[in-house]
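Taken together, the values in this text are just the output of simple stated rules run on the coordinates, not laboratory data. The model shown is predicted, which means the values in this text are computed figures rather than measured ones. FYI the Cβ positions are ideal-geometry reconstructions off the backbone, even for glycines, and counts take in every protein chain you see.
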Amino acid sequence: MLAQRLNTILPDLSFEESLEATKIHSIAGTLKSDENIIISRPFRSPYHTITKSALIGGGKIPKPGEISLAHNGVLFLDEIAEFEKNKLEILRGPLEDKKVTISRVNHTLEFPCNFILVASMNPCPCGYYGSSYKKCNCTQNEIKRYMNKLSGPLLDRIDLQIEVQRVSYDKLDSEIPETSSKIKERVDNARKIQTKRYKNEKIYSNAELNSSQCEKYCNIDNESKELLKIAYQKLGLSARAHNKILKVARTIADLEGKKNIEKKHIAEAIQYRSLDKKYTDF
């Protein structure tokens, strides 16, 4: 439900982004007959039985795959643990490079694929690991095998790892959720801040920061550095995960309209790596 509503809070497509998405869908033959240009961010949700070439791109006459059709939008993998591991592993390069290269005997094609990967899965095969409502019947080995479908390098590339607990009926019946339009206002303001900040860097958002840019724009005080150091050592984080925490913290600060990253922003960003914490001891 959350994934399907993500598009309602994302920043609007720029004209350049719209053109890029339109070209890809035109090549793939998925552009609607009454649609001259794509004006909303793509949302792709392939089923777990999808083939490699349909996911990444390819075929006798190479065409863009789902990851390119999701360019400038969202690729949602529901029940990601049900996908074959070798299909998931080929996402690692495109997630890092924002492009996919398809080679054939006589030619090589390159398709862009700058997408937001969103995935959902159960905590274990039975679905009740960590639940306070029902006992989990899985052994640790079964849970480990299930989680191993997501390799460390792939998990390392996922910025936010959130565990969603079961919602009680009273909470479901009484709470009035914040509307997408309200959330989008904050997102749009944060995007404006980032666009202005990076106007000379040829990037649009914190997610696009490379290592040197991250060092330049994600400065933190000594107290925050000490907190990040403790998390880095305790959770066994990689250098990539370290930078991702900094970029997420920078985004949290932007959403609050804060000029500098504060300790609370670092703490919140660390909390968003729940899978690192939960399965560290396995």
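For Kirkwood radius over Cα pairs in Å, the listed values are (1) 23.7; (2) 20.7; (3) 18.9; which was obtained by calculation from the structure presented?
Structure-derived value, by its label: (2).
How high is the relative contact order of region 1-118, given as a whole-number percent (alpha carbon pairs under 8 Å, six or more residues apart)? Can you show the working numbers first?
On the way: 168 pairs, mean separation 28.9, N = 118.
Reported as a whole number, the value is 24 percent.
Of Thr51, Asn222, Ile116, which is farthest on the positive side of the dipole of the chain, counting Cα position, with +1 on Lys and Arg Cβ, -1 on Asp and Glu Cβ, and the Cα centre as origin?
Final value for the positive-end residue is Asn222.
Cross-link list Lys99/Lys202; Lys184/Lys225; Lys52/Lys149; Lys225/Lys263; Lys196/Lys258: which exceed 19 angstrom alpha carbon to alpha carbon? Can you show the working numbers first?
Working: Lys99/Lys202 17 Å; Lys184/Lys225 31 Å; Lys52/Lys149 16 Å; Lys225/Lys263 8 Å; Lys196/Lys258 14 Å.
Those over the limit are Lys184/Lys225.
At 0.36 nm per residue, and after removing the present C-alpha to C-alpha distance, how many nm does the segment from Asp78 to Lys199 gain when stretched out fully?
Taking Asp78 through Lys199 to full extension adds about 40.0 nm, to one decimal.
With helices defined as uninterrupted DSSP H runs, which ones in the chain have an alpha carbon span along their own long axis of at least 15 Å and mean Kyte-Doolittle hydropathy of at least -0.5? Before the final figure, lay out the partial values.
Numbers: long enough: 15-28 (20 Å, -0.05); 180-197 (25 Å, -1.69); 222-235 (19 Å, -0.72); 239-255 (24 Å, 0.02).
Counting only whole DSSP H runs, the qualifying helices are 15-28, 239-255.
Quick check on the chain: helices-only [θ] at 222 nm, where DSSP H runs of length 4 and up contribute -39,500 (n - 2.57) each and the sum goes over total residues. Nearest 500, please.
The per-residue figure over the chain is -12000 deg cm²/dmol.
Quick check: pseudo-label points 7 Å beyond the Cα along Cα→Cβ at Tyr169 and Lys149, how many nm apart are they?
A separation of 3.1 nm, rounded to one decimal place.
Normalising by the residue count of the chain, find the relative contact order in percent from Cα pairs under 8 Å and 6+ residues apart.
Values: 351 pairs, mean separation 42.0, N = 282.
Relative contact order, the chain: 15 percent.
Mind scanning Lys23/Lys244; Lys23/Lys247; Lys216/Lys259 and naming the pairs with a C-alpha gap bigger than 24 Å?
Lys23/Lys244; Lys23/Lys247
For a protection proxy built on the mean count of beta-carbon atoms within 10 angstrom, sort 101-107, 82-88 highest first, please.
In descending order of packing, they fall as 82-88, 101-107.
Starting from 0.36 nm per residue, how many nanometres of slack lie between Asp97 and Ser212 once their C-alpha separation is accounted for?
39.8 nm
First select every other residue whose beta carbon is under 15 angstrom from the beta carbon of Ile24; then total the charges, Lys and Arg +1, Asp and Glu -1.
Details: positive: Lys23, Lys32, Arg41, Arg44, Lys63, Lys98, Lys99; negative: Glu16, Glu17, Glu20, Glu35, Glu66, Glu110.
That sum, taken over residues with Cβ under 15 Å, equals +1.
Quick one: compute the contact order of region 177-278, relative version, from alpha carbon pairs under 8 angstrom and 6+ residues apart, as a percent. Let's see the in-between values first.
Working: 82 pairs, mean separation 30.3, N = 102.
Across region 177-278, relative contact order equals 30 percent.
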